[in-house]
1. Would you be able to tell me the number of residues in region 2-44 that are open to solvent by 80 Å² or more (accessible area, probe 1.4 Å) and in contact with a Ser or Thr (Cβ under 9 Å, 6 or more places away or on another chain)?
2. Show the residue pairs that are 6+ apart or on different chains and have beta-carbon atoms under 7 Å apart, the first residue being within region 4-31 and acidic (D, E), the second being part of a helix (DSSP H, G or I).
3. Report yes if some residue within region 62-75 is within 25 Å of C8 (Cβ to Cβ) and either modelled with pLDDT of 75 or more or among the β-branched types (V, I, T) (or both); otherwise report no.
Amino acid sequence: MNSVGEACTELKREYDQCFNRWFAEKFLKGESDGDPCGQLFKRYQLCVQKAIKEKDIPIEGLEFMGPSKGKAENSS
């Protein structure tokens, strides 16, 4: 599946490959420490955010995965 932004598709493929490899070779074998794909994910995430802005895709009301500044305040 391609990414929302054409320029992001290759980054998505790289991240998907990294994640799938980590999941199958490490996580499923009980080795869940570390985040070997984190930097790839950040690069892909920034690319997608840029594509959303460029395409003027409305995202109001959507929540995104990942850390947020208000998360701790809202969880009480």
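1. Number of matching residues: 4.
2. E14/L40
3. No, that holds for no residue.
The values are calculated or read from the model by the stated rules, or taken from the named source; none is laboratory data. Every value quoted in this text rests on a predicted model; they were computed, and no experiment measured them. Cβ sites come from the backbone with ideal geometry, for glycine too, and all protein chains shown count toward neighbours. Ligands, DNA and RNA are stripped out before the accessible areas are found, and what is left, the full protein with its side chains, is counted by its heavy atoms. Shrake-Rupley method; radii C 1.70, N 1.55, O 1.52, S 1.80 Å.
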